[in-house]
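Here's the structure we're looking at; comments come further down.
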Amino acid sequence: MSDPSMQHQQARPAVPVLHEQRLDEVLGAAPERGRGRYRPHRVGMVWRSRVFRAGAVIVVLALCWLVILALVREQTGPEGFLVGLGLAVLPVPLLMAAFRWLDRVEPGPWRNLLFSFAWGACAAALVAIIANSFATRWIATATADPASADTLGATVIAPVVEESAKAAAVLLIFLFRRREFSGVVDGVVVAGFTATGFAFTENILYLGNAFGEDQLSGSSGFASVTAGTFFVRIVMSPFAHPLFTVLTGLGFGFAAVSARRHRARRIALPLLGLLLAMGLHALWNGSSSFGPYGFYAVYGIVMVPAFGLVTWLAIWSRQRELRTLAAELPAYAAAGWLTPAEPSALSSMRARGMARDLARHWQPDRTRGRAAARAVAEYESFATSLAGLRRRARHGAVGPDFGARERELLHHLWQRREVAAPALAHAALLTARPGAHHGRPLPTPYGTGNGYGYANGHAYGTGYGPGHTPGHGQTPGHTPGYGHPQGHPPGYAPGAYPPPQPYGSAPHSHRRPPS
């Protein structure tokens, strides 16, 4: 009969990198604390400089916005522009907050989101204004029927032009920020910010024109064109453009998690999402031509169910990210990179938020508290990226830089572990089932070197259990382990995690992780 322990070791997933290289090689290139990612120095032409490229993008988008301002003011007049701007900005914070909430598990960098919003509001809107106007005029001249030209332009030209222009932002981030575009949620969030920016500019134009019509006709109040336009575009359907473009984002998101060997699928999925976005957009724009109740029918039968389905899919994808943390991180905990309680804490949004709050309040002043909370938030984000990277590796959706990226994420985790690991362990205890610690004192991470930490004037035992390095307010010989008598975290079972084995000749110390 085979040894059960050997069966267990064969069944658990191998930890990449750790079994291939010596420990001192893995930690040899650790970046300085506080650096969010590696920033290798690049030598070459000026356009390879990140500063130059960022400046060029900002200049191009700013020029687009100036051209849009001129075009919109020409159509609406100064007063109409100001009214449209004031009304169009109302749904923007709500939509941005909703998409940012969806991205809380693994928050993407704000620079990507701000670029997406600016692209939609400036570049995509300018392309749509110019292309739609040109196409409508050309059709009207060719057919000598301005009414049919307007209908054809709204139902055929506008969906193709606008969705293609918005999809360009998603494509750019997918290609040039591939590390930060790792799944369905990222596609939804990037597409949502892009469409929110586009809708913002478009609403300025529509509401400004409506205000100009009211000035000419003398209408005011609830019977005015401005009130009707505001109700339809801002109250009833602020999610319309985000809904269309999110379909494109879903296509790119599913392509991001597809195996690299499925090249045809990785190309077809974004195209399919774009076609669906164009089709739904065309149906929405053409709803008024279906009779007096066509708009309400399309809104109730198509738009609302589609919005509910996409929302459910986005939230399901968010929960799947949390489940990925619980499934993938125990391998790193078994190797000693994480404490055993961290995978369960990192897979709970409540525990993650509590860990940030604990780290903030455990510090003696606000400045250090904010820095500690930020370190915990970064730790949570890096851990989520690590779990997602490992999951994609299982499905063959990573490139040859997988090992380097994994080492980079492990470095960042280890740099922040001194602050984040105790806070997450404490949060894991507090979010466990009621009575799990049976009135035992809860640990605090920042001690005086004698095995006890202090919080609110009370001393509590600290420690990380057998097999973990001393530190964080713990001295050798004190191993109560998260306040538990045998040094075991909640949910510990004998043999659940194999004992760490040394890699290389590096000794255990507070500067080196256990193997």
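The values are calculated or read from the model by the stated rules, or taken from the named source; none is laboratory data. What you see is a predicted model; the values in this text were computed from it and never measured. Heads up, the Cβs are rebuilt from the backbone with ideal geometry, glycines too, and the neighbour counts pull from every protein chain shown. Note: areas computed on protein heavy atoms with side chains; ligands, DNA, RNA excluded. Shrake-Rupley method; radii C 1.70, N 1.55, O 1.52, S 1.80 Å.
Couple of notes before you dig in:
- Cβ-Cβ FRET estimate between residue 168 and residue 73, R0 fixed at 30 Å, reported to 0.05: 0.70
- Per-residue ³J(HN,Hα) for segment 372-382, Karplus 6.51 cos²θ - 1.76 cosθ + 1.60, θ = phi - 60°, Hz, x for Gly and Pro: 5, 4, 5, 5, 5, 4, 5, 4, 4, 5, 5
- Portion, in percent, of the accessible area of segment 257-400 that falls on carbon or sulfur, probe 1.4 Å: 62
- Residues of segment 48-89: accessible area per residue with a 1.4 Å probe, Å²: 64
- Spin-label model distance (nm) - residue 302 vs residue 104, 7 Å beyond Cα toward Cβ: 3.4
- Tensor-based shape of segment 260-321 (alpha-carbon gyration tensor, a/c under 1.5 rounded, otherwise prolate or oblate): oblate
- Residue 56 paired with residue 290, simple spin-label distance in nm, labels 7 Å along Cα-to-beta-carbon: 4.5
- In the context of the full set of protein chains, segment 228-286 has a per residue accessible area of 42 Å² (1.4 Å probe).
- For segment 265-274, 3J(HN,Hα) per residue [Karplus equation, 6.51 cos²θ - 1.76 cosθ + 1.60, θ = phi - 60°, Hz, x = Gly/Pro]: 5, 5, 8, 6, 4, x, 5, 5, x, 5
- Here r is the Cβ-Cβ distance between residue 265 and residue 368 and R0 is 51 Å; the resulting FRET efficiency, rounded to 0.05, is 0.55.
- Potential extension, residue 227-residue 147 segment - 0.36 nm per residue separation minus Cα distance: 26.3 nm
- Carbon + sulfur, % of accessible area of segment 73-114 - ligands and nucleic acids excluded, 1.4 Å: 71
- Segment 293-415 shape via C-alpha gyration tensor axes, a/c threshold 1.5: oblate
- Over segment 300-387, accessible surface divided per residue gives 42 Å², non-protein components excluded, 1.4 Å probe.
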